[in-house]
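So the structure is just underneath, and the comments pick up after that.
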Amino acid sequence: MIGIFDSGIGGLTVVKSVMERIPGYDIIYFGDTARTPYGTKSADTVIKYSVENIDFLLQYGAKLVVMACNTASSVAAKRVAETFDVPIFEVVTPATEQAVKSSVKSVVGVIGTRATVKSGMYEKKIKNMKPDAKVYSVACPLLVPLVEEGWMKKPETKMIIKKYLLPLKVRQIDTLILGCTHYPLLKAIIQRKIGKKVRVIDSSIAVAEKVKSFLDANPEIDRRLGKNDDFRLFVSDITDQFEKTARITLKRKVFLEHVKL
Ligand code: DGL
(Lines give C-alpha, C1' and ligand atoms only; values in the text may rest on other atoms or scores of the structure.)
Protein backbone atom coordinates (compact mmCIF):
# COMPACT_ATOMS: atom_id res chain seq x y z
CA MET A 1 0.00 0.00 0.00
CA ILE A 2 1.22 3.50 -0.83
CA GLY A 3 0.59 5.97 2.00
CA ILE A 4 0.10 9.61 1.09
CA PHE A 5 -0.52 12.43 3.52
CA ASP A 6 -1.21 16.12 3.40
CA SER A 7 -2.34 18.82 5.76
CA GLY A 8 -5.79 18.46 4.21
CA ILE A 9 -7.41 18.40 0.86
CA GLY A 10 -4.66 19.64 -1.46
CA GLY A 11 -2.69 16.40 -1.43
CA LEU A 12 -5.43 14.82 -3.51
CA THR A 13 -3.65 16.41 -6.48
CA VAL A 14 -0.76 14.05 -5.65
CA VAL A 15 -3.14 11.09 -5.29
CA LYS A 16 -4.52 11.93 -8.72
CA SER A 17 -1.06 12.10 -10.29
CA VAL A 18 -0.04 8.82 -8.64
CA MET A 19 -3.25 7.13 -9.84
CA GLU A 20 -2.57 8.40 -13.38
CA ARG A 21 1.17 7.62 -13.51
CA ILE A 22 1.08 4.24 -11.73
CA PRO A 23 -2.53 3.03 -11.90
CA GLY A 24 -3.84 0.16 -9.82
CA TYR A 25 -1.71 0.52 -6.68
CA ASP A 26 -3.50 0.40 -3.33
CA ILE A 27 -3.44 3.84 -1.74
CA ILE A 28 -4.19 5.07 1.75
CA TYR A 29 -4.52 8.83 2.10
CA PHE A 30 -4.57 10.87 5.26
CA GLY A 31 -5.74 14.48 5.12
CA ASP A 32 -5.11 16.27 8.40
CA THR A 33 -8.21 18.43 8.08
CA ALA A 34 -8.47 19.00 11.85
CA ARG A 35 -5.02 20.62 12.05
CA THR A 36 -4.82 22.28 8.64
CA PRO A 37 -3.28 24.61 7.52
CA TYR A 38 0.37 23.68 7.99
CA GLY A 39 1.66 26.58 5.90
CA THR A 40 1.16 29.10 8.69
CA LYS A 41 2.62 26.91 11.47
CA SER A 42 6.12 26.65 12.91
CA ALA A 43 8.59 24.06 11.63
CA ASP A 44 8.53 22.20 14.99
CA THR A 45 4.76 21.77 14.84
CA VAL A 46 4.80 20.61 11.20
CA ILE A 47 7.57 18.10 12.03
CA LYS A 48 5.53 16.72 14.95
CA TYR A 49 2.41 16.37 12.80
CA SER A 50 4.35 14.75 9.95
CA VAL A 51 5.83 12.08 12.25
CA GLU A 52 2.35 11.33 13.65
CA ASN A 53 0.83 11.16 10.16
CA ILE A 54 3.46 8.72 8.90
CA ASP A 55 3.07 6.60 12.04
CA PHE A 56 -0.64 6.35 11.26
CA LEU A 57 -0.06 5.38 7.60
CA LEU A 58 2.44 2.68 8.58
CA GLN A 59 0.03 1.24 11.18
CA TYR A 60 -2.51 0.85 8.37
CA GLY A 61 -0.09 -1.04 6.19
CA ALA A 62 1.72 1.57 4.06
CA LYS A 63 5.06 0.27 2.83
CA LEU A 64 6.07 3.46 1.05
CA VAL A 65 5.06 7.00 1.96
CA VAL A 66 4.63 10.18 -0.07
CA MET A 67 4.56 13.48 1.77
CA ALA A 68 2.24 15.34 -0.58
CA CYS A 69 2.38 18.51 1.46
CA ASN A 70 5.04 20.96 0.29
CA THR A 71 5.22 22.57 3.71
CA ALA A 72 5.84 19.21 5.42
CA SER A 73 8.29 18.26 2.65
CA SER A 74 10.19 21.51 3.13
CA VAL A 75 10.56 21.40 6.89
CA ALA A 76 10.18 17.77 7.99
CA ALA A 77 11.79 15.59 5.29
CA LYS A 78 15.11 15.20 7.09
CA ARG A 79 13.52 14.33 10.43
CA VAL A 80 11.11 11.73 9.03
CA ALA A 81 13.88 10.10 6.97
CA GLU A 82 15.84 9.67 10.22
CA THR A 83 12.81 8.38 12.12
CA PHE A 84 11.31 5.75 9.79
CA ASP A 85 12.87 2.95 7.78
CA VAL A 86 10.44 2.78 4.84
CA PRO A 87 11.02 4.74 1.61
CA ILE A 88 9.62 8.23 2.10
CA PHE A 89 9.22 10.64 -0.81
CA GLU A 90 8.89 14.38 -0.46
CA VAL A 91 7.79 16.71 -3.22
CA VAL A 92 10.56 19.32 -3.15
CA THR A 93 13.37 17.23 -4.65
CA PRO A 94 11.48 15.91 -7.71
CA ALA A 95 10.07 19.34 -8.54
CA THR A 96 13.51 20.89 -8.16
CA GLU A 97 15.09 18.29 -10.44
CA GLN A 98 12.50 18.94 -13.15
CA ALA A 99 12.90 22.71 -12.79
CA VAL A 100 16.70 22.60 -13.08
CA LYS A 101 16.44 20.33 -16.11
CA SER A 102 13.92 22.52 -17.88
CA SER A 103 15.32 25.96 -17.06
CA VAL A 104 17.44 27.30 -19.91
CA LYS A 105 18.42 30.59 -18.25
CA SER A 106 18.55 29.11 -14.73
CA VAL A 107 16.17 31.77 -13.47
CA VAL A 108 13.56 29.94 -11.43
CA GLY A 109 10.52 31.17 -9.54
CA VAL A 110 8.95 29.32 -6.61
CA ILE A 111 5.53 29.94 -5.11
CA GLY A 112 4.33 28.31 -1.91
CA THR A 113 3.03 28.83 1.60
CA ARG A 114 4.78 31.15 4.04
CA ALA A 115 6.39 28.19 5.87
CA THR A 116 7.68 26.67 2.61
CA VAL A 117 9.17 29.95 1.43
CA LYS A 118 10.61 30.68 4.88
CA SER A 119 12.34 27.26 4.94
CA GLY A 120 14.33 28.24 1.82
CA MET A 121 14.36 24.53 0.91
CA TYR A 122 13.55 24.92 -2.80
CA GLU A 123 16.21 27.57 -3.16
CA LYS A 124 18.79 25.45 -1.31
CA LYS A 125 18.08 22.37 -3.43
CA ILE A 126 18.11 24.27 -6.71
CA LYS A 127 21.43 25.92 -5.81
CA ASN A 128 22.90 22.55 -4.79
CA MET A 129 22.13 21.26 -8.26
CA LYS A 130 22.95 24.46 -10.11
CA PRO A 131 25.05 26.88 -8.03
CA ASP A 132 24.74 29.76 -10.49
CA ALA A 133 20.94 29.56 -10.64
CA LYS A 134 18.89 32.55 -9.63
CA VAL A 135 15.88 31.62 -7.50
CA TYR A 136 13.06 33.96 -6.54
CA SER A 137 10.42 32.80 -4.09
CA VAL A 138 7.05 34.33 -3.31
CA ALA A 139 4.71 33.27 -0.51
CA CYS A 140 1.10 33.24 -1.69
CA PRO A 141 -0.92 32.76 1.52
CA LEU A 142 -4.26 33.73 0.01
CA LEU A 143 -4.29 30.99 -2.62
CA VAL A 144 -4.95 28.03 -0.29
CA PRO A 145 -8.16 29.49 1.19
CA LEU A 146 -9.32 30.58 -2.27
CA VAL A 147 -8.97 27.04 -3.61
CA GLU A 148 -10.65 25.61 -0.52
CA GLU A 149 -13.57 27.95 -1.09
CA GLY A 150 -13.80 26.70 -4.66
CA TRP A 151 -12.96 30.18 -6.00
CA MET A 152 -10.73 28.80 -8.74
CA LYS A 153 -12.29 30.79 -11.56
CA LYS A 154 -13.32 34.00 -9.80
CA PRO A 155 -11.99 37.33 -11.10
CA GLU A 156 -10.70 38.14 -7.59
CA THR A 157 -8.55 35.00 -7.65
CA LYS A 158 -7.14 35.91 -11.07
CA MET A 159 -6.31 39.40 -9.80
CA ILE A 160 -4.55 38.07 -6.69
CA ILE A 161 -2.53 35.58 -8.75
CA LYS A 162 -1.47 38.36 -11.09
CA LYS A 163 -0.29 40.43 -8.15
CA TYR A 164 1.65 37.56 -6.56
CA LEU A 165 3.35 36.70 -9.84
CA LEU A 166 4.36 40.24 -10.74
CA PRO A 167 7.78 40.18 -8.98
CA LEU A 168 8.57 36.91 -10.76
CA LYS A 169 7.52 38.31 -14.12
CA VAL A 170 9.72 41.36 -13.57
CA ARG A 171 12.68 39.04 -12.93
CA GLN A 172 11.97 37.20 -16.17
CA ILE A 173 11.92 33.70 -14.73
CA ASP A 174 11.76 30.95 -17.35
CA THR A 175 10.54 28.21 -14.97
CA LEU A 176 8.02 28.37 -12.15
CA ILE A 177 7.60 25.71 -9.46
CA LEU A 178 4.11 25.27 -8.02
CA GLY A 179 5.39 24.61 -4.50
CA CYS A 180 2.04 23.90 -2.84
CA THR A 181 -0.49 21.09 -3.12
CA HIS A 182 -3.32 23.47 -3.98
CA TYR A 183 -1.71 25.31 -6.87
CA PRO A 184 -2.11 22.60 -9.54
CA LEU A 185 -5.83 23.40 -9.28
CA LEU A 186 -4.96 26.95 -10.41
CA LYS A 187 -2.41 25.90 -13.00
CA ALA A 188 -4.25 27.22 -16.06
CA ILE A 189 -4.62 30.74 -14.59
CA ILE A 190 -1.07 30.73 -13.24
CA GLN A 191 0.25 29.73 -16.68
CA ARG A 192 -1.79 32.50 -18.31
CA LYS A 193 -0.64 35.15 -15.85
CA ILE A 194 3.06 34.24 -15.83
CA GLY A 195 3.14 33.87 -19.63
CA LYS A 196 3.09 30.88 -21.91
CA LYS A 197 6.87 30.83 -22.37
CA VAL A 198 7.44 30.04 -18.70
CA ARG A 199 7.58 26.30 -17.92
CA VAL A 200 5.30 25.59 -14.97
CA ILE A 201 6.38 22.63 -12.84
CA ASP A 202 3.66 20.76 -10.99
CA SER A 203 5.23 19.09 -7.94
CA SER A 204 2.40 16.52 -7.79
CA ILE A 205 3.35 15.13 -11.22
CA ALA A 206 7.07 15.37 -10.45
CA VAL A 207 6.75 13.23 -7.30
CA ALA A 208 4.50 10.65 -8.99
CA GLU A 209 7.11 10.21 -11.73
CA LYS A 210 9.82 9.86 -9.10
CA VAL A 211 7.86 7.10 -7.30
CA LYS A 212 7.33 5.34 -10.64
CA SER A 213 11.07 5.29 -11.45
CA PHE A 214 11.85 4.17 -7.91
CA LEU A 215 9.45 1.21 -8.15
CA ASP A 216 10.78 0.28 -11.59
CA ALA A 217 14.28 0.18 -10.12
CA ASN A 218 13.26 -1.59 -6.87
CA PRO A 219 11.04 -4.56 -7.77
CA GLU A 220 11.43 -6.09 -4.28
CA ILE A 221 9.68 -3.05 -2.79
CA ASP A 222 7.19 -2.89 -5.64
CA ARG A 223 6.17 -6.48 -4.86
CA ARG A 224 5.28 -5.49 -1.28
CA LEU A 225 2.69 -2.95 -2.45
CA GLY A 226 -0.84 -4.19 -3.11
CA LYS A 227 -2.25 -3.62 -6.59
CA ASN A 228 -6.01 -4.05 -6.22
CA ASP A 229 -6.82 -0.39 -6.90
CA ASP A 230 -8.03 -0.03 -3.28
CA PHE A 231 -8.31 3.51 -2.03
CA ARG A 232 -8.87 4.44 1.60
CA LEU A 233 -9.37 8.06 2.46
CA PHE A 234 -8.86 9.13 6.08
CA VAL A 235 -9.34 12.59 7.48
CA SER A 236 -8.96 13.97 10.99
CA ASP A 237 -12.15 16.01 10.58
CA ILE A 238 -15.01 15.20 8.22
CA THR A 239 -16.38 18.12 6.25
CA ASP A 240 -18.86 18.26 3.34
CA GLN A 241 -16.37 20.34 1.37
CA PHE A 242 -13.72 17.62 1.54
CA GLU A 243 -16.03 14.93 0.24
CA LYS A 244 -17.11 17.14 -2.66
CA THR A 245 -13.60 18.28 -3.61
CA ALA A 246 -12.29 14.70 -3.35
CA ARG A 247 -14.98 13.45 -5.71
CA ILE A 248 -14.34 16.23 -8.22
CA THR A 249 -10.53 15.99 -8.05
CA LEU A 250 -10.33 12.21 -8.31
CA LYS A 251 -13.38 11.71 -10.50
CA ARG A 252 -14.43 8.69 -8.49
CA LYS A 253 -16.73 7.91 -5.59
CA VAL A 254 -15.05 8.43 -2.25
CA PHE A 255 -15.84 7.27 1.24
CA LEU A 256 -14.37 9.33 4.08
CA GLU A 257 -13.14 7.58 7.21
CA HIS A 258 -12.53 9.56 10.36
CA VAL A 259 -9.41 9.16 12.49
CA LYS A 260 -8.34 11.13 15.53
CA LEU A 261 -4.56 11.44 15.89
N1 DGL B 1 -0.55 21.36 1.84
C2 DGL B 1 0.07 22.64 2.06
C3 DGL B 1 1.31 22.75 1.17
O4 DGL B 1 1.44 22.09 0.17
C5 DGL B 1 -0.88 23.78 1.76
C6 DGL B 1 -2.01 23.91 2.76
C7 DGL B 1 -1.53 24.22 4.15
O8 DGL B 1 -1.03 25.33 4.42
O9 DGL B 1 -1.63 23.34 4.98
O10 DGL B 1 2.17 23.52 1.48
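The values are calculated or read from the model by the stated rules, or taken from the named source; none is laboratory data. These figures come from a predicted structure and were not determined experimentally. FYI the Cβ positions are ideal-geometry reconstructions off the backbone, even for glycines, and counts take in every protein chain you see. Just the protein is used for accessible areas: all its heavy atoms, side chains included, with ligands, DNA and RNA removed. Shrake-Rupley method; radii C 1.70, N 1.55, O 1.52, S 1.80 Å.
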Fill in the blank from the handout: With DSSP loop assignment and no more than 16 other C-beta atoms within 10 Å, the trypsin sites (Lys or Arg not before Pro) in region 3-107 are Lys105
Completion exercise
Across all Cα atoms of region 126-238, Rg and the largest Cα-Cα distance (Dmax), in Å, are 17.8, 50
Exercise for the section: Figure the gain on full extension for Arg114 and Met152 (residue separation times 0.36 nm, minus the Cα-Cα span) and round it to one decimal in nm. Expected result: 11.7 nm
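What does the accessible area per residue of region 85-242 come to in Å², with a 1.4 Å probe and no ligands, DNA or RNA counted?
On the way: 8080 Å² over 158 residues.
Solvent-accessible surface per residue comes out at 51 Å².
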Fill in the blank from the handout: Non-local residues with an amide H under 5 Å from the amide H of Val200, with H modelled 1.01 Å from N and Pro and chain starts lacking one, are Leu176
Handout entry: Whether region 42-164 is rounded, prolate or oblate, judged on the alpha carbon gyration tensor where a/c under 1.5 counts as rounded
Key = oblate
Fill in the blank from the handout: Once Asp44 and Gln241 are pulled to full extension, the length gained, defined as 0.36 nm per residue separation minus their Cα-Cα distance, is 68.1 nm
Practice task
Go through region 161-261 and name the trypsin sites (Lys or Arg not before Pro) that are in a DSSP coil and have 14 or fewer other Cβ atoms within 10 Å of their Cβ.
Solution key: Arg171, Lys196, Lys197, Arg223, Arg224, Lys227, Lys251, Arg252, Lys253, Lys260
Completion exercise
So the angle from the long Cα axis of helix 92-102 to the longest Cα principal axis of the chain, reported in degrees to the nearest 10, equals 40 degrees
Problem - Rotationally averaged projected area of the chain (alpha carbon convex hull; nm²) - result: 12.8 nm²
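Magnitude of the Cβ-charge dipole of the chain, K/R +1 and D/E -1, about the Cα centre, nearest 20 debye?
Numbers: 42 positive and 28 negative charges, 289 e Å.
About 1380 debye.
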Exercise for the section: Per residue of region 21-35, in order, report the coupling 6.51 cos²θ - 1.76 cosθ + 1.60 (Karplus, θ = phi - 60°) as ³J(HN,Hα) in whole Hz, putting x for Gly and Pro. Expected result: 6, 10, x, x, 6, 6, 10, 10, 10, 10, x, 7, 5, 6, 10
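Let's test the formula: R0 of 25 Å, r as the Cβ-Cβ distance of Asp222 and Leu261. What FRET efficiency results, to the nearest 0.05?
Values: r = 29 Å, r/R0 = 1.15.
Result of the calculation: an efficiency of 0.30.
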